[in-house]
Protein chains: 2
Amino acid sequence: MSKYDPNLDQCFSALGDPTRRLILQRLARGEASVSELAAPHDMALPSFMEHLKKLEVAGLVTSKKQGRTRTCELAPDAFAPAKKWLSEQSEIWEGRLDRFDDYVKNLMQERQK
Amino acid sequence: MSKYDPNLDQCFSALGDPTRRLILQRLARGEASVSELAAPHDMALPSFMEHLKKLEVAGLVTSKKQGRTRTCELAPDAFAPAKKWLSEQSEIWEGRLDRFDDYVKNLMQERQK
């Protein structure tokens, strides 16, 4: 069973916003400057920077400053912890159903004897 | 590219809270009554019910009332939309890296000629 992981709070909360998911979808295609990332969003720059900050704090995005340009990219294995948690729960859930299937099959076989 | 899906807002936001993830982890092991679910949490019942409501609105949990007992279970394929979004982004990201690998390999081969 997954232990409590505070990073998952930040990660899933960061993913729960459409602007932030669009930023991640853009960065999955390759690194981009802050102004490139902000361009499609009808939003004041400080609000946009707040979204970027949440993605950085959640460990989903990294950024570096070169001269006057800040470039962002997807963090390596950004989605791994979220995918791991979801897969673990699905496996437990599906394992439970498999065991129930086995139980019903055994019951049917016992009755046919 | 994933279209904007408002259900993902609710789903990921619901997952961004430790109490709600613990409820889901419990339900992955099988259905439970509200009082069974609430027992391990040091929380007033109305606050706990708010968490359950968020999980239901997000389509992660279903519940039914039998007599005086409300029983909750994990919704079928509860985690599928979240897993799908994460996998799509990972595949695009990894595909980009693969294409970059191919580009470097081709460049090296050209230089060796």
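With the condition kept exactly as written, say whether any residue in the range B:20-35 is open to solvent by 30 Å² or more (accessible area, probe 1.4 Å) and more than 13 Å from every other protein chain (Cβ to nearest Cβ). Break it down into steps so the answer makes sense when it comes.
First, pick out the residues of the range B:20-35 that are open to solvent by 30 Å² or more (accessible area, probe 1.4 Å): B:22, B:26, B:29, B:31, B:35.
Filter once more, so that each one left must be more than 13 Å from every other protein chain (Cβ to nearest Cβ): B:35.
Checked the range B:20-35: at least one residue is open to solvent by 30 Å² or more (accessible area, probe 1.4 Å) and more than 13 Å from every other protein chain (Cβ to nearest Cβ).
Looking at B:85, B:93 in this structure, which one is at pLDDT below 95 and surrounded by 14 or more Cβ atoms within 10 Å (Cβ to Cβ)?
On the way: B:85 fails: at pLDDT below 95.
From the options B:85, B:93, the qualifying one is B:93.
Show the residue pairs that are 6+ apart or on different chains and have beta-carbon atoms under 6 Å apart, the first residue being within the range B:85-97 and without any contact (Cβ under 8 Å) to a residue 40 or more places away in the chain, the second being assigned to a helix (DSSP H, G or I).
Within 6 Å, the pairs are B:86/A:82; B:86/A:83.
Where the second residue is open to solvent by 50 Å² or more (accessible area, probe 1.4 Å) and the first is in a loop (DSSP other than H, G, I, E, B) and lies in the range A:54-83, which pairs have Cβ atoms under 6 Å and are six or more apart or on separate chains?
A:58/A:10; A:75/A:62
For residue A:51, which of the numbered conditions (1) modelled with pLDDT of 95 or more; (2) within 14 Å of chain B (Cβ to nearest Cβ); (3) open to solvent by 50 Å² or more (accessible area, probe 1.4 Å) fails to hold?
Exception for residue A:51: condition (3).
Which condition breaks for residue B:38 when tested against (1) at pLDDT 95 or above; (2) open to solvent by 70 Å² or more (accessible area, probe 1.4 Å); (3) over 17 Å from residue A:12 (Cα atoms)?
Answer for residue B:38: the failing condition is (2).
The values are calculated or read from the model by the stated rules, or taken from the named source; none is laboratory data. Just so you know, these numbers come straight off a predicted model, no measurement behind them. Because the Cβ atoms are built from the backbone with ideal geometry, glycine has one as well, and the counts that use them run over all protein chains shown. Calculation scope for accessible area: heavy atoms of the full protein, side chains included, ligands and nucleic acids excluded. Shrake-Rupley method; radii C 1.70, N 1.55, O 1.52, S 1.80 Å.
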